[in-house]
Amino acid sequence: MKEPILKVENLGISFSQYTKGLVRSDLNVIKNLDIELNEGEILAVVGSSGSGKSLLAHAILGILPDNSFTEGNIIYKGEELTEERKQKLRGDEIVLIPQSVNYLDPLKRVGKQIKISIKDKDKKVQDEIVDNLFEKYNLDKKVKNYYPFQLSGGMARKVLLCTALASNSKVIIADEPTPGLDEESLNEVLKDFRKVADSGCAILMITHDISAALKIADKVAIFYAGSTLEIANTKDFVNNEQELRHPYTKALYKALPDHDFKAMDDKTQPLPNELPNGCVFCDRCKIKTKECEEKVPEIREIRNGKVRCIHAT
């Protein structure tokens with residue numbers, strides 16, 4: 001079996017902070033994140049706010065703040081992705097479509113920002129690539145000469161998409177790439193992601209929109225409170241929740257509008273400083289046992305998927 005192009009094993013992230021009285025402490029916000037991304041594959045990472053989705057992207061790219069500390073392994077093309085390799089590959093082989101439009105340079109026209117991603121130095125070729133992308137996403141050619149402050153939210157997000165899709169990257173990390181897009185543009189983006197993946201590029205799609213993710217993703221990773229709870233094949237979501245492995249994933253399935261549209265409970269995921277000693281989901285789990293409260297389960301392979309639950313079968 002071919003090795004994944006990108007592999008994250010047991011990733012932990014903590015932040016150094018100073019509390020009242022200038023007492024230094026470390027806040028552990030990511031506990032156990034695991035993913036595998038293969039060439040030609042779209043892996044959707046789904047989870048509520050604060051589950052660790054964007055921090056995973058920033059850790060892979062090496063753009064975490066200076067007060068952060070990481071543990072675990074990030075492997076790219078069979079070798080450790082060191083900070084030095086991250087700097088070398090970032091923006092070249094590994095490209096980010098950021099969640100915030102503030103990543104655009106406020107002092108540079110957006111057309112020039114897109115051209116930075118294009119390896120071909122011929123100006124005519126660059127202009128043609130940008131024009132084709134703008135036409136696809138219904139952006140007027142004159143927008144190339146706009147500065148970011150002249151863009152609406154939807155226009156800015158389309159420009160960020162164009163910046164990534166204009167590159168010849170091996171891995172695209174798309175952090176919430178679809179909010180603010182109209183239905184037509186959303187479907188066009190999803191279709192383009194699938195086309196780019198089918199050409200051999202690997203796409204890590206971070207999203208709250210599980211319905212959109214299921215349209216194009218090959219696999220779905222479920223994050224909760226800084227842990228990967230399950231990695232399932234998209235087809236596992238097609239029939240019913242019985243194909244899924246983790247209680248939280250099954251609850252998400254039932255909460256989808258085209259299923260039961262049923263809320264799990266009135267609780268939320270625990271804050272980083274309130275994590276239980278055992279399974280991060282045990283406070284909300286209906287099948288928990290004493291062992292769940294005391295032991296952090298290892299992620300393991302079951303039925304051609306992966307799950308972090310001692311009761312999964």
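Net charge of the neighbourhood of Val46, taken over other residues with C-beta under 14 Å away and scored Lys/Arg +1, Asp/Glu -1, is -2. A dipole drawn for the stretch 213-313 from +1 and -1 charges on Cβ atoms has a positive end, and of Leu244, Pro276, Thr228 the residue lying farthest that way is Leu244. The H on the amide N of Met205, modeled in the peptide plane, is under 5 Å from the matching H of Leu43, Ala44, Val45, Ala174, each at least 5 residues off or on a different chain. Placing unit charges on the Cβ atoms of the charged side chains and taking the dipole of the chain about its Cα centre, the candidate lying farthest along the positive direction among Gly153, Phe193, Thr178 is Gly153. Residue-wise HN-Hα couplings along the stretch 252-268, as the Karplus relation 6.51 cos²θ - 1.76 cosθ + 1.60 with θ = phi - 60° gives them from phi, are 4, 4, 5, 7, 5, x, 8, 10, 7, 6, 10, 5, 5, 6, 9, 8, 10 Hz; Gly and Pro carry x. Under a 5 Å amide H cut-off, with hydrogens placed 1.01 Å from N, Val29 pairs with Ile13, Ser14, Phe15 among residues at least 5 apart or on other chains. Bridging of Lys295 to lysines at a Cα separation below 29 Å is possible for Lys7, Lys31, Lys53, Lys219, Lys250, Lys254, Lys267, Lys286, Lys306, once same-chain residues fewer than 8 apart are set aside. Measuring nothing but how far apart in sequence close Cα pairs (under 8 Å, 6+ apart) lie, relative to its length, the chain scores a relative contact order of 21 percent. Each residue, Arg303 and Asn233, gets one label point 7 Å from its Cα in the Cβ direction; the gap between the two is 1.2 nm.
Express in nm, to one decimal, how much length is gained between Lys119 and Asn273 on full extension, taking 0.36 nm for each residue of separation and deducting their alpha carbon distance.
Details: separation 154, 0.36 × 154 = 55.44 nm, distance 4.49 nm.
Using 0.36 nm per residue and subtracting the Cα-Cα distance, I get 50.9 nm.
FRET efficiency for the His208 to Lys254 pair, using the beta carbon distance and R₀ = 25 Å, is estimated at 0.90.
Projecting the Cα atoms of Leu89, Gln113, His311 onto the charge dipole of the chain (Cβ charges, centred on the Cα centre) puts Gln113 farthest toward the positive pole.
Pairs of Cα atoms under 8 Å, at least six residues apart: use those to get the relative contact order of the stretch 233-313, whole percent.
On the way: 79 pairs, mean separation 19.3, N = 81.
Relative contact order, the stretch 233-313: 24 percent.
Taking all C-alpha pairs of the chain, those more than 26 Å from each other amount to 49 percent. The label-point distance for Asn10 and Leu27, in a model that sets each label 7 Å from Cα toward Cβ, rounds to 2.6 nm. For the peptides 226-235, 85-94, the ranking by mean Cβ contacts within 10 Å, running from highest to lowest, is 226-235, 85-94.
Throughout, read-outs are computed from the coordinates displayed, never taken from laboratory work. Computed from a prediction, not measured in an experiment: that's the story for all the values here. Heads up, the Cβs are rebuilt from the backbone with ideal geometry, glycines too, and the neighbour counts pull from every protein chain shown.
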